[in-house]
Amino acid sequence: MKTAVIGAGAIGGYFAAMLTEAAHESLLCVRTPFDQLTLEDDGKRQTVATTIVSRPDAIAEDFLPADLVVLATKAQDSESAESWLRRLVGPETLVLVAQNGVDHVERVGKMCGEGRIVPSIVYVAAERVAPGRIVHHSNSRLVVPDDVDGRRIAEIFSGTKLKVETEPDFLTAAWRKLLSNVVANPITALTLRRMDVFKDPDVADLTRALMKEAVAVAAAQGARLDDSDVERVLSSYDRINPQSGSSMLYDRLAGRSLEHEHLTGAVVRAGERHGVATPLNRAILTLLSAVDPAPIARP
């Protein structure tokens with residue numbers, strides 16, 4: 001298949017590696033070119049046989065339209081991918097949105113013309129340690145809706161390390177992932193500490209309260225979450241390497257823009273729509289906006 005990945009960060013680089021592992025023709029669409037993509041996994045480094053392009057007009061006509069496009073920029077950078085999407089996407093193109101958040105279809109669909117948007121939930125712990133150099137730490141799992149397009153995505157990645165699961169209740173699954181993202185990302189980014197911060201009892205109490213607000217909003221949205229999901233997330237932190245970080249922490253340390261508007265902001269905005277109060281999440285959103293080195297207009 002003709003596949004393209006937009007975004008050369010940790011997730012984009014990892015997905016490009018998985019597509020080449022599945023023997024698909026692969027393009028990696030980047031803002032700033034580099035010579036080659038490498039993936040380090042289980043202590044072994046490999047060169048990924050993907051073609052790196054830095055301009056939409058550099059894509060050969062016989063490649064168009066692509067069969068699959070993976071949008072792997074950070075959610076706040078989605079608009080920067082519009083020229084790539086316009087170039088690559090045709091009526092039968094699957095556009096896999098490999099980003100955080102719960103508004104993939106609404107946010108990306110307007111940039112894709114007739115392309116078929118496939119929202120997803122990414123569970124991949126990877127880090128870009130240098131341009132074109134990706135280190136995979138743990139997890140290799142993707143969740144997509146249990147429909148025709150979602151099942152096609154599973155087929156495309158079959159035989160690779162990336163395990164694709166189809167989920168009938170995708171709304172609930174998406175909010176369940178967001179539940180963890182609205183605490184792990186903001187708290188590590190604001191405190192500049194790694195996952196060991198959640199061993200602090202006061203931080204754990206704040207974490208629980210933030211998630212309970214998000215659960216109330218999710219329920220109003222139609223997702224099936226309850227307080228047991230809160231405790232599940234908290235207990236999962238006990239099993240995580242305390243020295244691991246979050247994508248938002250890595251972004252803040254690197255001076256990059258933060259993803260808070262599509263994580264905490266999604267909870268606050270949905271709460272406003274449904275009349276659910278979110279004072280703690282709103283306070284966290286205000287603090288993240290204050291430390292963001294490259295603030296953007298709110299959606």
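The values are calculated or read from the model by the stated rules, or taken from the named source; none is laboratory data. Keep in mind it's a predicted model, so treat the numbers as computed, not measured. Don't worry about glycine lacking a Cβ; one is built from the backbone with ideal geometry, like all the others, and counts go over all protein chains shown.
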Self-check item: Those residues of the stretch 38-53 which are closer than 12 Å to GLY132 by Cβ and either among the β-branched types (Val, Ile, Thr) or in a loop (DSSP other than H, G, I, E, B) (or both), in sequence order
Solution: THR38, THR47, VAL48, THR50, ILE52
Quiz item: Checking ILE240 against (1) closer than 17 Å to ASN185 by Cβ; (2) of a type in the set (A, V, I, L, M, F, W, C); (3) at pLDDT 95 or above, which single condition isn't satisfied?
Solution: (3)
Quiz item: Restricting the search to the stretch 1-37, which residues are among the hydroxyl-bearing types (Ser, Thr, Tyr) and not in a loop (DSSP other than H, G, I, E, B)?
Solution: THR3, TYR14, THR20, SER26
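Go through the residues of the stretch 197-210 one by one and say whether even a single one is surrounded by fewer than 22 Cβ atoms within 10 Å (Cβ to Cβ) and in contact with a Ser or Thr (Cβ under 7 Å, 6 or more places away or on another chain). It would help to see each step written out before you state the result.
Just the residues of the stretch 197-210 that are surrounded by fewer than 22 Cβ atoms within 10 Å (Cβ to Cβ), to begin with: 197, 199-206, 208-209.
Checking the rest, the ones that are also in contact with a Ser or Thr (Cβ under 7 Å, 6 or more places away or on another chain) come to 197.
So far as the stretch 197-210 goes, yes, one or more of its residues are surrounded by fewer than 22 Cβ atoms within 10 Å (Cβ to Cβ) and in contact with a Ser or Thr (Cβ under 7 Å, 6 or more places away or on another chain).
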Self-check item: Of the criteria (1) over 16 Å from SER26 (Cβ atoms); (2) polar (S, T, N, Q); (3) not in a strand (DSSP E or B), which one THR166 fails
Solution: (3)
Practice problem: Could you tell me which numbered condition VAL197 fails, if it satisfies all but one of (1) over 21 Å from the mean Cα position of the chain (by Cα); (2) farther than 23 Å from LYS74 by Cβ; (3) not small (Gly, Ala, Ser)? | Solution: (2)
Exercise. Take the stretch 80-111 and flag every residue that is of a type outside the set (A, V, I, L, M, F, W, C) and over 21 Å from VAL30 (Cβ atoms).
Key: GLY90, PRO91, GLU92, GLY101, ASP103, HIS104, GLU106, ARG107, GLY109, LYS110
Quiz item: Tell me, which residue of the stretch 245-281 that is touching a Ser or Thr at 6+ places or on another chain (Cβ under 8 Å) and of a type in the set (S, T, N, Q) is modelled with the highest pLDDT?
Solution: ASN281
Practice problem: Answer yes or no as to whether ALA81 is among the small types (Gly, Ala, Ser) and without any contact (Cβ under 8 Å) to a residue 60 or more places away in the chain. | Solution: no
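Taking the stretch 59-98 on its own, how many of its residues are touching a Gly at 6+ places or on another chain (Cβ under 8 Å), β-branched (Val, Ile, Thr) and outside any strand (DSSP E or B)?
Keep residues of the stretch 59-98 that are touching a Gly at 6+ places or on another chain (Cβ under 8 Å), which gives 64-66, 69-75, 77, 81, 85-86, 89-91, 93-95, 98.
Remaining after also requiring β-branched (Val, Ile, Thr): 69-70, 73, 89, 93, 95.
Adding the requirement that they be outside any strand (DSSP E or B) leaves 73, 89, 93.
Matching residues across the stretch 59-98 total 3.
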Quiz item: Somewhere in the stretch 279-299, is a residue closer than 23 Å to THR172 by Cβ and either loosely packed, with under 13 Cβ neighbours inside 10 Å or not assigned by TED's automatic domain parsing to the domain that holds LEU179 (or both)?
Solution: yes
Quiz item: Quick one: is ILE117 at negative phi and in a strand (DSSP E or B)?
Solution: yes
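Given the criterion at negative phi, within 20 Å of the chain's Cα centre (by Cα) and polar (S, T, N, Q), identify the matching residue among SER228, SER257.
Working: SER228 fails: within 20 Å of the chain's Cα centre (by Cα).
Unique residue meeting the criteria: SER257.
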Quiz item: If GLU127 passes every condition in (1) touching a Lys or Arg at 6+ places or on another chain (Cβ under 9 Å); (2) at pLDDT below 95; (3) outside any loop (DSSP other than H, G, I, E, B) but one, which one does it miss?
Solution: (1)
Quiz item: Between a first residue in the stretch 31-55 that is among the basic types (Lys, Arg) and a second residue that is at pLDDT below 95 and surrounded by fewer than 17 Cβ atoms within 10 Å (Cβ to Cβ), which pairs have beta carbons less than 8 Å apart while being 6 or more apart in sequence or on different chains?
Solution: ARG31/SER80
